[in-house]
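Step one of this worksheet: look at the structure below.
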Amino acid sequence: MKNIAVIGAGTMGNGIAHTFAQKGFKVQLIDISQQALDKGIATITKNLDRMMAKEKISEADKKDTLANISTYTSIKEGVEYAGLVIEAATENVDLKLKIFKELSEACPEDTILASNTSSISITQIAAATNCPEMVIGMHFMNPVPIMKLVEIIRGYNTSDEVTHTIMEISETLGKTPVEVNDYPGFVANRILMPMINESIETLYNGVAGVSEIDTVMKLGMAHPMGPLQLADFIGLDVCISILNVMYDGFKNPKYAPCPLLANMVMAGKLGVKSGEGFYDYSKSRKAENVSKQFL
């Protein structure tokens, strides 16, 4: 399997494309927006330049990686020869169902269809296709070229053969695949998001400020990044989306998003991507200054 198609040229999509291309796979990066594709390739180039500066790769490695990536604005053209398609579109269930329905009609019968979803049911996604046994979850961590973990999520109908193949491919990428079952939030976000939500509740209830909460978790719990800064990095819109999936799936109030999180998302304060979240990113991506008082 040497031809990989990636749907979506955003942060996760271009990271997945970068990772496969660097390992010698031919990658078809697909997005409906040519501007998004151009931005994705620019991001990959920038990240490769950073790796060159750290002497992790050579100039030849960079050229080979970029040469392995081609771009398309049409799903049908981009997946024509793909042995594996990885969907990395926006975390929206209706959009994903639409994409997978189209993929099941456009791809060869033996193509494995994977989703990089962080919380949406693989079984539900697979039900939109005519080949549910070929559908699986590949939840990469951000930034994809650096983070080692890949959650491999088996849907209700995912075959053993497909699961085995995806586990092997993940190892080929230098990743550590962990097989999990298809329940809301899987493992990573089922544990992470309640912690982030509780951190926001702690702020909302006036227990401590933004930097104080993050400092406690970094210095007291040895977390490399505080939960509020991490929420900004992930995107507050993504956080609330995942929490809502788990709340809808379990009907347990512990997964209900904090009102402060809901207000910030409605106000467009989404974290790094919008330039402001719990911290101010208007001048750089570093969370150096708390943007405002929240109480």
Please give the peptides 239-247, 255-263 ranked by average Cβ packing (other Cβ atoms within 10 Å per residue), highest first, as a rough proxy for protection.
-> 239-247, 255-263
DSSP-defined antiparallel bridges as percent of all bridges, the chain, nearest 5 | 25
Rounded to the nearest 20 debye, dipole of the chain from Cβ charges on Lys, Arg, Asp, Glu = 780
Dipole of region 3-181, positive end: most advanced residue of ILE153, ALA9, TYR72 [Cβ charges, Cα centre] = ALA9
Contour minus end-to-end for ASP110 and GLU59, with contour as 0.36 nm per residue of separation and end-to-end as the Cα-Cα distance?
-> 14.8 nm
Alpha carbon centre of region 107-138 versus region 216-281: separation in Å?
-> 27
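Report the gain in length on full extension from GLU201 to MET141: 0.36 nm times residue separation, minus Cα-Cα distance, nm rounded to one decimal.
19.1 nm
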log10 of Debye I(q)/I(0), alpha-carbon scatterers only, for region 3-181 at 0.11, 0.13 Å⁻¹ = -0.41, -0.58
Please turn the phi angles of region 259-270 into ³J(HN,Hα) values with the Karplus equation 6.51 cos²θ - 1.76 cosθ + 1.60 (θ = phi - 60°), one per residue in order, whole Hz, x for glycine and proline.
-> x, 5, 4, 4, 5, 5, 5, 4, 7, x, 8, 9
By how many nm would the segment from MET221 to ARG50 lengthen if fully extended, with 0.36 nm per residue of separation less the alpha-carbon distance?
-> 58.6 nm
Show me 11-23, 158-170, 45-57 ranked by packing, highest mean number of other Cβ atoms within 10 Å first.
-> 11-23, 158-170, 45-57
In debye, nearest 20, what is the charge dipole magnitude of region 7-157 about its Cα centre with +1 on Lys and Arg Cβ and -1 on Asp and Glu Cβ, if you could check?
-> 480
What nm value, rounded to one decimal, do you get for the distance between MET266 and LEU95 when each label is placed 7 Å out toward the C-beta?
-> 2.2
In whole Hz, with x marking every Gly and Pro, tabulate ³J(HN,Hα) for region 45-60 from phi via Karplus 6.51 cos²θ - 1.76 cosθ + 1.60, θ = phi - 60°.
-> 4, 4, 5, 5, 4, 5, 5, 5, 4, 8, 6, 8, 9, 9, 4, 5
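Readers should treat all values here as calculations from the given coordinates under stated rules, not as data from a laboratory. Not measured: the values here are computed from a predicted model. As a convention, Cβ positions derive from the backbone with ideal geometry for all residues, glycine included, and neighbour counts pool all protein chains shown.
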